[in-house]
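*Asks:* The structure is given below, and queries will be raised subsequently.
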Amino acid sequence: MDTASEEADNERLWMGAVAAAIVALVGGALAFPKQVYDGFIWHYFWGPVLADANNASCAVRDGGTTKYIYDAATCATAPGPVAEPGYTLVSEVGYAVTLIVALMGVVYLLRRLNVGQERRLFYALFPFMLFGGALRVVEDANDALGQAGQSAIPFPWNTLIISPIIYFTVFAITLAALVVSVALARRGVVEDYEYPLAGIGTVVLAATVGYLVMLAMTTQTVSFYPQMLVVVLGGATLVTAVVWWAVNRYAPEINAGTAAMGAVVIWGHAVDGVANVAVLDWAGALGLAGQYGAKHPVNRAIIDITTNVFPASVTDVIGTAWPFLFVKIAAALAVVWVFDEQIFEESPRYAILLLIAIVAVGLGPGTRDMLRATFGI
């Protein structure tokens, strides 16, 4: 079997698997609505979005209808299924599986377009990695404005920028930008598709941050704390520089495959780690007015472990979120190490897309935490 036929078979297998999964979910929801839809799809995925979109403490599925509760104590005693804004381990695993499947589909698309073998694609998509986190802050701002009776994006349109729907929104925008950029290059308008792709990403990122700046200038709900940008971006850059120097000095084999992309991977996860520490441990010292909490199960688990292991006399001084930064750096280094030269030689498109996804997983939440605190949301 030649390579073209094998790739075509793989594409058909992927499409068949995706179609089968969709049929199974839809069919199961129709045949067993209480168990499959209410107890799984709604409970772990759609319910948290609805609760978040309506500024509720939780959403409750009762008799085929959704009810919103705005008191945390009532949520704790409400009959299930109960969905609270944020993530659970089940939802995060589901998102991870969806991401991997989507990446495989993008690989097939890039093969069809005959692009994506070069590392320039990684850097061209970098603005979109920041854009996803910034767009999520727009919804955070919308929630804050809604509590003041000034909501600009009404329900259900705000669900487009709430997890997990926002992943599909950002994915669609990025995919459209890629297709447009490739079309411009094919028609001779530009020499390389990466330039307009990076340009589109920069424009949507600037527009999103610009909207937040406008809210800070025109409303009392949204503020501006530039010290957060200095601390997070400066801290992440400093951490990355130290780690990168140590890698090149003592263990250059770790970065043999990724080269400069490895530094971006570490920086993206350092942003997430430093942003968590700054928001959760240093909010008072940095003069932030709001109170922030850990939204991801991993963050909460690390904080719980730190609280239980170290005495209060220690955590009162250095905080409880700092181990998360070390976990993020260790995970980033492990990823960079795994991506050796052989992976890039055998499947450059898939390797590059995986690295893009890995950076986005760190930089997206990190950007959101940083910008939320920057704009006092």
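*Asks:* Which of the following residues is within 29 Å of Val90 (Cβ to Cβ) and part of a helix (DSSP H, G or I): Ile352, Ile356? Spell out the reasoning first.
*Replies:* Numbers: Ile352 fails: within 29 Å of Val90 (Cβ to Cβ).
Step by step, each of Ile352, Ile356 is checked, and only Ile356 is within 29 Å of Val90 (Cβ to Cβ) and part of a helix (DSSP H, G or I).
*Asks:* State whether one or more residues within region 293-314 are part of a loop (DSSP other than H, G, I, E, B), in contact with a Ser or Thr (Cβ under 9 Å, 6 or more places away or on another chain) and over 20 Å from Thr367 (Cβ atoms). Steps first, answer last, please.
*Replies:* Filtering region 293-314 down to residues part of a loop (DSSP other than H, G, I, E, B) leaves 293-296, 310-311.
Among the residues that remain, those that are also in contact with a Ser or Thr (Cβ under 9 Å, 6 or more places away or on another chain) are: 310.
Subset that is over 20 Å from Thr367 (Cβ atoms): 310.
Yes - at least one qualifying residue is present in region 293-314.
*Asks:* Now a separate question. So which residues in region 200-212 are open to solvent by less than 30 Å² (accessible area, probe 1.4 Å) and out of contact with any Pro (no Cβ under 8 Å at 6 or more places or on another chain), if there are any at all? Spell out the reasoning first.
*Replies:* Initially, region 200-212 is screened for residues open to solvent by less than 30 Å² (accessible area, probe 1.4 Å), giving 201, 208, 212.
Answer for region 200-212, where residues must be open to solvent by less than 30 Å² (accessible area, probe 1.4 Å) and out of contact with any Pro (no Cβ under 8 Å at 6 or more places or on another chain): Thr208, Leu212.
*Asks:* Pairs only if they're at least six apart or on different chains, beta carbon under 7 angstrom, first in region 185-214 and more than 28 Å from Ile377 (Cβ to Cβ), second at pLDDT below 95 and basic (Lys, Arg); list them, first residue then second.
*Replies:* Glu194/Arg120
One line per residue, one yes/no per condition, for (1) touching a helix residue (DSSP H, G or I) at 6+ places or on another chain (Cβ under 8 Å); (2) at pLDDT 90 or above; (3) in a helix (DSSP H, G or I); (4) surrounded by 17 or more Cβ atoms within 10 Å (Cβ to Cβ):
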position: Val18; (1), (2), (3), (4): yes, yes, yes, no
position: Pro48; (1), (2), (3), (4): yes, yes, yes, yes
position: Tyr68; (1), (2), (3), (4): yes, yes, no, no
position: Arg112; (1), (2), (3), (4): no, no, yes, no
position: Leu121; (1), (2), (3), (4): yes, yes, yes, yes
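*Asks:* Let me ask another. Consider Gln117 against the criteria (1) out of contact with any Gly (no Cβ under 8 Å at 6 or more places or on another chain); (2) at pLDDT 90 or above: it satisfies all of them except one. Which criterion is unmet?
*Replies:* (2)
*Asks:* When region 213-230 is examined, which residues are found to be open to solvent by 40 Å² or more (accessible area, probe 1.4 Å), in contact with a helix residue (DSSP H, G or I) (Cβ under 6 Å, 6 or more places away or on another chain) and part of a helix (DSSP H, G or I)?
*Replies:* Within region 213-230, just Leu229 meets the criteria.
*Asks:* In the set Leu371, Leu325, Leu363, which member is part of a helix (DSSP H, G or I), under 24 Å from Arg119 (Cβ atoms) and either open to solvent by less than 50 Å² (accessible area, probe 1.4 Å) or touching a His at 6+ places or on another chain (Cβ under 6 Å) (or both)? Working first, answer last.
*Replies:* Values: Leu371 fails: under 24 Å from Arg119 (Cβ atoms); Leu325 fails: under 24 Å from Arg119 (Cβ atoms).
Testing whether each residue is part of a helix (DSSP H, G or I), under 24 Å from Arg119 (Cβ atoms) and either open to solvent by less than 50 Å² (accessible area, probe 1.4 Å) or touching a His at 6+ places or on another chain (Cβ under 6 Å) (or both) leaves just Leu363.
*Asks:* Looking only at region 154-195, filter to residues that are open to solvent by 20 Å² or more (accessible area, probe 1.4 Å) and charged (D, E, K, R); which one of those is nearest to the chain's Cα centre (by Cα)?
*Replies:* The selected residue is Asp192.
*Asks:* So Tyr95 passes all but one of these: (1) surrounded by 15 or more Cβ atoms within 10 Å (Cβ to Cβ); (2) part of a helix (DSSP H, G or I); (3) in contact with a Cys (Cβ under 9 Å, 6 or more places away or on another chain). Which condition number does it fail?
*Replies:* Here Tyr95 clears every test but (3).
*Asks:* Turning to a different aspect of this structure: Do you know which residues across region 330-355 are at pLDDT 90 or above, open to solvent by 20 Å² or more (accessible area, probe 1.4 Å) and among the β-branched types (Val, Ile, Thr)?
*Replies:* Scanning region 330-355 gives Val335, Val338.
*Asks:* For Val101, indicate whether it is aliphatic (A, V, I, L, M) and outside any helix (DSSP H, G or I). Even if it seems obvious, please write down each step before you answer.
*Replies:* On the way: aliphatic (A, V, I, L, M): yes; outside any helix (DSSP H, G or I): no.
So Val101 fails the test.
*Asks:* Would you mind finding the one in Gln227, Gln150 that is modelled with pLDDT of 90 or more and either closer than 30 Å to Val106 by Cα or not aromatic (Phe, Trp, Tyr) (or both)?
*Replies:* Numbers: Gln150 fails: modelled with pLDDT of 90 or more.
Exactly one residue qualifies, and that residue is Gln227.
The values are calculated or read from the model by the stated rules, or taken from the named source; none is laboratory data. All values reported here derive from a predicted model rather than from experimental measurement. Positions of Cβ are generated from backbone atoms using ideal geometry, with glycine treated the same way; all protein chains shown enter the neighbour counts. These area figures cover heavy atoms from the full protein model, side chains too; ligands, DNA and RNA do not enter into them. Shrake-Rupley method; radii C 1.70, N 1.55, O 1.52, S 1.80 Å.
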